[in-house]
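Engineer: Here's a structure for you.
What follows is calculated from the coordinates using simple rules that are stated; it is not laboratory data. No experiment lies behind these values; they were computed from the predicted model shown. We place every Cβ from the backbone using ideal geometry, glycine too, and count neighbours over all the protein chains shown.
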Amino acid sequence: MENYSVSQLVRDMRYEGFLLVRSAEKRKDSKGNDYVDMNLTDRTGEINCKIWNWDNTQPVPESGNPIKIRATVQEYNGRMQLRVEKWRMAAAEDPVDMNQLVPAAPRKPADMAAEIRETVAGFESENLRKLTEGMLEIAGDELEWFPAAQRMHHAERSGLLHHTTDMLRMAKAMLEVYPWLNRDLLLAGVIIHDLGKIEELKSDRTGNVTDYTRDGQLLGHLVRGITNLNRVADRLGIHGETVTLLEHMLLSHHGESEYGSPKAPMFPEAEALHWIDMMDARMNTMKGVEDKTPEGAFSEKIFSLDRRVYHPLYRDDAE
């Protein structure tokens, strides 16, 4: 049986191979029988599956672990789904290539981290350099592999570094067009704007997010980012407008209250941060959807974009 990737699966196809458990939950069907509902992934995408007539002597598969399944691809409510016939957790001797199972950033984490450090080292403002270094210190080693989201943009291993470094590159390009912007302030805002996600999301080292933390549910990464910034500022003895401006950038980078920001951006660098963040998030989502959609076809409706996405043919002879 040929080993297809998730993005290649179509209705009535037979599948056998290894996938990564993103989430698994035991439920009951309409007759009261137990079954397990799972979301499985490889680096190309995610698919739901059902294991019916669940044997309660078996533990529910844990997220972040590879599983081998034999299944048939079905379509349910317009989406592909696997009906599992046979399964087992992967054994140590199985030829499992985790690089094929885990969505990951396209650049090495060490290279992206070095890009951030070099940017911070180039700040002319000593206060902004110290504040940004302090925020990175709180983020710690988890930044190396942490994703940027659970399901939307940059939901991948090292996705937070990917999102941040792509935003840095856009910000530096924007500074060429608008050189009157405060360079250090904008770049510092880019680097620290999402670091609070490390305390907001529950993620394993594969970049698989299973849920929000208590901190994430009660506060969220905007508020946690501000409290962390205040901790750093107090420790360093840095006070005044610089800290307030960074706080506002953290608070307003989602742009409006509908998306979690109680304040709209109220100065140019905050406005720039918002649109750079929005652009990078949406382009990453578009790229991910296009990668999973055949040329000349439309995707299903994408929740975060509130629309379907078309994958162009990109050929001069296309009609």
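Engineer: In percent, what relative contact order does segment 122-278 have, based on Cα pairs under 8 Å that are 6 or more apart in sequence?
Structural biologist: Averaging sequence separation for qualifying contacts and normalising by length gives 23 percent for segment 122-278.
Engineer: Let me ask you something else. Filter the trypsin sites (Lys or Arg not before Pro) in segment 56-123 down to the DSSP loop ones having no more than 14 other Cβ atoms within 10 Å, then list what survives.
Structural biologist: ARG107
Engineer: Positive end of the charge dipole of segment 109-286 (Lys, Arg +1 and Asp, Glu -1 on Cβ, about the Cα centre): tell me which of TYR178, ILE238, ALA264 has its Cα farthest that way.
Structural biologist: Projecting each Cα onto the dipole axis, the largest value belongs to ALA264.
Engineer: Quick one: length gained pulling GLU256 to GLU176 fully straight, 0.36 nm per residue minus the C-alpha distance?
Structural biologist: Gain on stretching GLU256 to GLU176: 26.1 nm.
Engineer: Cut-off 10 angstrom, C-alpha nodes, Gaussian network model of the chain. Which of THR206, THR57, THR41 fluctuates the most?
Structural biologist: Its mean-square fluctuation being the largest, the pick is THR57.
Engineer: Could I ask something else about it? Given Cα pairs under 8 Å that are at least 6 residues apart, what percent is the relative contact order of the chain?
Structural biologist: That works out to 12 percent.
Engineer: Using each residue's phi in segment 93-100, evaluate 6.51 cos²θ - 1.76 cosθ + 1.60 at θ = phi - 60° and report the 3J(HN,Hα) Karplus result to the nearest Hz, with x for Gly and Pro.
Structural biologist: 7, 5, x, 8, 9, 4, 5, 8
Engineer: Would you please give the FRET efficiency between THR227 and PHE298, computed as 1/(1 + (r/R0)^6) with r the Cβ-Cβ distance and R0 = 35 Å, to the nearest 0.05?
Structural biologist: Given R0 = 35 Å and the Cβ-Cβ separation, E is 0.25.
Engineer: Determine the dipole magnitude for the chain: charges of +1 sit on the beta-carbon of Lys and Arg, -1 on that of Asp and Glu, nothing else is charged, the reference point is the Cα centre, and the result goes in debye to the nearest 20.
Structural biologist: Rounded to the nearest 20 debye, it is 900 debye.
Engineer: Now for a different question. Too long at a 30 Å Cα-Cα cut-off: which of LYS108/LYS130; LYS130/LYS292; LYS26/LYS287; LYS202/LYS292; LYS202/LYS301; LYS130/LYS287?
Structural biologist: LYS130/LYS292; LYS26/LYS287; LYS130/LYS287
Engineer: Could you tell me how many degrees, from 0 to 90 and to the nearest 10, lie between the Cα long axis of helix 183-192 and the main elongation axis, the longest principal axis, of the Cα atoms of the chain?
Structural biologist: On a 0 to 90 degree scale, this one is about 30.
Engineer: Using 0.36 nm per residue of separation minus the Cα-Cα distance, give me the extension gain between ASN99 and GLU241 in nm, one decimal.
Structural biologist: Gain on stretching ASN99 to GLU241: 46.6 nm.
Engineer: I would also like to ask the following. Using only the alpha-carbon atoms, how far is helix 221-236 inclined from the longest principal axis of the chain? Give it as 0 to 90 degrees, nearest 10.
Structural biologist: 40 degrees
Engineer: Continuing with the same structure: Mind sorting out which of [x] 41; [y] 47; [z] 50 is the real percent of Cα pairs over 27 Å apart computed from the coordinates?
Structural biologist: Matching the structure shown: [z].
Engineer: Then there is this: Using a 10 angstrom cutoff on alpha carbons, build the Gaussian network for the chain and name the most mobile of VAL232, VAL60, VAL177.
Structural biologist: VAL177
Engineer: Anyone know which of LEU187, LEU229, LEU175 comes out most mobile in the 10 Å Cα GNM of the chain?
Structural biologist: Maximum fluctuation in the GNM of the chain, among the listed residues, is at LEU175.
Engineer: Further question on the same structure: What's the longest piece of the chain with no exposed chymotrypsin sites (Phe, Trp or Tyr not before Pro), counting a site as exposed if DSSP puts it in a loop and it has at most 14 other beta carbons within 10 Å?
Structural biologist: The longest such stretch corresponds to 53-179.
Engineer: Name the residue farthest towards the positive end of the dipole of the chain from the options LEU250, GLY140, VAL10, assuming +1 on Cβ of Lys and Arg, -1 on Cβ of Asp and Glu, about the Cα centre.
Structural biologist: Most positive-ward Cα: VAL10.
Engineer: Then there is this: Between the alpha-carbon centers of segment 255-295 and segment 25-56, tell me the distance in whole angstrom.
Structural biologist: Comparing the Cα centres of segment 255-295 and segment 25-56, I get a distance of 33 Å.
Engineer: Among the lysines, which have Cα under 25 Å from the Cα of LYS31 when same-chain residues fewer than 8 positions away are ignored?
Structural biologist: Straight-line reach from LYS31, under 25 Å: LYS50, LYS86.
Engineer: Here's something else I'd like to know. Report the gain in length on full extension from ASN53 to SER125: 0.36 nm times residue separation, minus Cα-Cα distance, nm rounded to one decimal.
Structural biologist: The span from ASN53 to SER125 would gain 19.6 nm if fully extended.
Engineer: Using the crude model of +1 on Lys and Arg Cβ and -1 on Asp and Glu Cβ, and no other charge, please compute the dipole size for segment 6-101 relative to its Cα centre, in debye to 20.
Structural biologist: Roughly 300 debye, rounded to the nearest 20.
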